[in-house]
Amino acid sequence: MGESALEKKLLLKKESAWTKFSEQERKMAFTMGDNYKVFLDAVKTEREAVKEIIKRAKAKGFEDIAKSKELSYGDKVYFVFKEKAVALIVIGKEGLETGLNVTGAHIDSPRLDLKPTPLYEDSSLALFKTRPYGGVKYYQWANVPLALHGVIVKKDGTKIDFVIGENEKDPVFVIGDLLPHLSRKQDAERKAKDTLKGEELNVIVGGIPIDDKDAKQKVKLAVMNILNTSHGLIEEDLASAEIEVVPATKAKDVGFDRSMIGSYGQDDRSCAFSQLNAIMGVQKPKRTCLALFVDKEEIGSTGNTGAQSFILENIVREIISRSKNKDYSAVKIALQNSKALSADVTAGVNPTFKDAHDEKNAIYIGHGIAIDPLVKTGASAEYLGEIRKLWNDKKVPWQIGELGKIDLGGGGTVAMFFSKYGLDIIDAGIPLISMHSPFEISSKADIFSAYKAYLVFLSS
Ligand code: MN
Ligand code: MN
């Protein structure tokens, strides 16, 4: 059954991006997929994302804005904030008052954080108490090998990086589950959501008691003793720390055809990776380009490194302070005239649970970058028309739809916080299956489509 000429002319076609790619583009999608896996494995926290983004950007000629005196057309700089948010900027030909082209992704992901005094002993084991960060289905985190990533500020004020569980020979950690043999009461009494409860997200970290006859909590003390030997830590040091508990697993190809990638942290490091590659590919743009990587999206874009802070304004101010014309009153007008894409993931249809979506407005992995125009901001017809035309002209595979059925829930993105400046913004990102799980699934076609989409947008 072919497509009638009239159908082709009049109807919107929903189809795989793979069939639209040239042979060359297919190869590029696979090559980019390999690079994406390396990125994901290097980046399990927002701080690690900032480091990796700067490393990659420096290799492409970006310099620290703090070290540059005056910026001119074509200059490439980065702005880093509190080690948890970063922006890459390419100075355009036009003045800032005509606006910037902005893409914004977030580099924090759902996870478990260690509580302020996490270490305790129970039943001859040592464990860490944790607190979920972002939308976590608790049961998904049991029986998964876990790693610890973060920073600790010690008693004397020195800061150390703390990462255990990623190297081949490193130990991992785990949240224990209840065996099916003894689950009858749990099965009968708990709803799926409570299969594991918040206070049951306890990570097993040790099991040998210390040889100290006067000690009360011998296993706990033994673990603290190991940490003291390896990192010079005392228990109180864990109070001034940010330790994230994340899956210790690596990114892998998924499927016989290797068309997909499975990994922790793809919300939203998939869009972060695509926009990073996009801005690194921008040369001498018409308008100043800004790729912003922010923190705290998963808990509502709060905090001094989230999108609700003044970070966007402050970056524009930084650029102005290094421009010939130091007119700070241009900040608001520059932002108002800006055009933006909120580069965040959305839900792709999982065939097993397609009932969660309105099939007529669903988004599919492998169909290209997905626009979700209604995520709390309500994009204008004019701006949607502009973006659609741009991507059609440049042959970027894209799709449009919604996260899921109206009555089932929903989500937010940074778009609602940036739109307050009056700039045009829509949500356009990569669809995932199993979003927020320890092993989210993306399509290499969408990683590549998003890269192309962000590149032509920034360059426009
Ligand atoms: Mn997200
Ligand atoms: Mn999310």
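The values are calculated or read from the model by the stated rules, or taken from the named source; none is laboratory data. Everything numeric here is computed off the predicted structure, so don't read it as measured data. In this analysis, Cβ positions are derived from the backbone assuming ideal geometry, glycine residues included, and neighbour counts consider all displayed protein chains.
Considering S321, S342, the condition of being farther than 13 Å from A428 by Cα and either surrounded by 18 or more Cβ atoms within 10 Å (Cβ to Cβ) or free of Cβ contacts under 8 Å to residues at least 24 places away in the same chain (or both) is satisfied by S321 alone. Listed by first and then second residue, the pairs linking a residue in segment 407-435 that is farther than 14 Å from A343 by Cα to a residue that is within 16 Å of ligand 2 (Cβ to nearest atom) and among the acidic types (D, E), with Cβ atoms under 7 Å apart and 6 or more places separating them unless they lie on different chains, are S434/E440; M435/D267.
What tally of residues in segment 161-199 results from selecting those that are within 30 Å of R47 (Cα to Cα) and of a type in the set (A, V, I, L, M)? Total meeting the criteria: 6. Tell me whether segment 294-307 contains one or more residues that are assigned by TED's automatic domain parsing to the domain that holds T19, surrounded by 24 or more Cβ atoms within 10 Å (Cβ to Cβ) and assigned to a helix (DSSP H, G or I). Yes; the residues of segment 294-307 include at least one that is assigned by TED's automatic domain parsing to the domain that holds T19, surrounded by 24 or more Cβ atoms within 10 Å (Cβ to Cβ) and assigned to a helix (DSSP H, G or I).
Just for strands (runs of 3 or more DSSP E) wholly inside segment 361-460: which have at least 3 residues that are of a type in the set (S, T, Y) and either away from ligand 2 (no atom under 16 Å from the Cβ) or in the same structural domain as N143 (by TED's automatic domain parsing) (or both)? It would help to see each step written out before you state the result.
Details: elements: 369-372, 398-400, 424-429, 440-443.
Here the list is empty.
Taking the condition within 30 Å of E235 (Cβ to Cβ), among the acidic types (D, E) and either away from ligand 2 (no atom under 16 Å from the Cβ) or not assigned by TED's automatic domain parsing to the domain that holds I315 (or both), does D122 pass? Criteria met by D122.
For segment 112-123, state whether one or more residues are assigned to a loop (DSSP other than H, G, I, E, B) and either under 28 Å from T302 (Cα atoms) or touching a Pro at 6+ places or on another chain (Cβ under 6 Å) (or both). Within segment 112-123, none of the residues are assigned to a loop (DSSP other than H, G, I, E, B) and either under 28 Å from T302 (Cα atoms) or touching a Pro at 6+ places or on another chain (Cβ under 6 Å) (or both). Does V144 qualify as being part of a loop (DSSP other than H, G, I, E, B), within 30 Å of L40 (Cβ to Cβ), outside the structural domain of K44 (by TED's automatic domain parsing) and within 21 Å of the chain's Cα centre (by Cα)? It is true that V144 is part of a loop (DSSP other than H, G, I, E, B), within 30 Å of L40 (Cβ to Cβ), outside the structural domain of K44 (by TED's automatic domain parsing) and within 21 Å of the chain's Cα centre (by Cα).
With respect to being within 16 Å of ligand 2 (Cβ to nearest atom) and within 26 Å of E121 (Cβ to Cβ), P209 falls outside the description. Checked against the criteria, E244 counts as more than 16 Å from ligand 1 (Cβ to nearest atom) and in contact (Cβ under 8 Å) with a residue 12 or more places away in the chain.
Comparison of A272, A239 shows that the only residue that is modelled with pLDDT of 95 or more, among the aliphatic types (A, V, I, L, M) and either more than 23 Å from A87 (Cα to Cα) or away from ligand 2 (no atom under 16 Å from the Cβ) (or both) is A239.
Taken as a whole, the structure places I279 among residues that are in the same structural domain as W18 (by TED's automatic domain parsing), more than 15 Å from ligand 1 (Cβ to nearest atom), under 30 Å from S16 (Cβ atoms) and surrounded by 24 or more Cβ atoms within 10 Å (Cβ to Cβ).
Taking helices (runs of 4 or more DSSP H) that do not extend beyond segment 1-66, which have at least 3 residues that are touching a residue at least 60 places away in the same chain (Cβ under 8 Å), within 16 Å of I107 (Cα to Cα) and not acidic (D, E)? Explain how you work it out, then say what you get.
On the way: elements: 5-10, 23-42, 46-59.
Where helices (runs of 4 or more DSSP H) fall fully within segment 1-66 and carry at least 3 residues being touching a residue at least 60 places away in the same chain (Cβ under 8 Å), within 16 Å of I107 (Cα to Cα) and not acidic (D, E), they are 23-42, 46-59.
In this structure, D170 does not satisfy being modelled with pLDDT under 95, surrounded by fewer than 15 Cβ atoms within 10 Å (Cβ to Cβ) and not assigned by TED's automatic domain parsing to the domain that holds V38. So, in segment 446-460, exactly how many residues are surrounded by 24 or more Cβ atoms within 10 Å (Cβ to Cβ), hydrophobic (A, V, I, L, M, F, W, C) and over 11 Å from M28 (Cβ atoms)? Going through segment 446-460 one residue at a time, the tally reaches 4.
Looking at L88, L114, which is the one that is of a type in the set (A, V, I, L, M), under 29 Å from A239 (Cβ atoms), in contact with a Phe, Trp or Tyr (Cβ under 8 Å, 6 or more places away or on another chain) and buried (at least 16 other Cβ atoms within 10 Å of the Cβ)?
Working: L88 fails: under 29 Å from A239 (Cβ atoms).
Residue meeting the stated conditions: L114.
Any residue at all in segment 98-105 that's in the same structural domain as F273 (by TED's automatic domain parsing), within 16 Å of ligand 2 (Cβ to nearest atom) and buried (at least 17 other Cβ atoms within 10 Å of the Cβ)? Lay out the reasoning, then the answer.
Just the residues of segment 98-105 that are in the same structural domain as F273 (by TED's automatic domain parsing), to begin with: 98-105.
Keeping just the survivors that are within 16 Å of ligand 2 (Cβ to nearest atom) gives 104-105.
Filter once more, keeping what is buried (at least 17 other Cβ atoms within 10 Å of the Cβ): 104-105.
The answer is yes, given that some residue of segment 98-105 is in the same structural domain as F273 (by TED's automatic domain parsing), within 16 Å of ligand 2 (Cβ to nearest atom) and buried (at least 17 other Cβ atoms within 10 Å of the Cβ).
Do we find that A381 is within 16 Å of ligand 1 (Cβ to nearest atom) and hydrophobic (A, V, I, L, M, F, W, C) in this structure? Considered against the rule, which asks whether it is within 16 Å of ligand 1 (Cβ to nearest atom) and hydrophobic (A, V, I, L, M, F, W, C), A381 comes out as no. Any residue at all in segment 384-401 that is within 22 Å of the chain's Cα centre (by Cα) and closer than 23 Å to D108 by Cα? No, because not a single residue in segment 384-401 is within 22 Å of the chain's Cα centre (by Cα) and closer than 23 Å to D108 by Cα.
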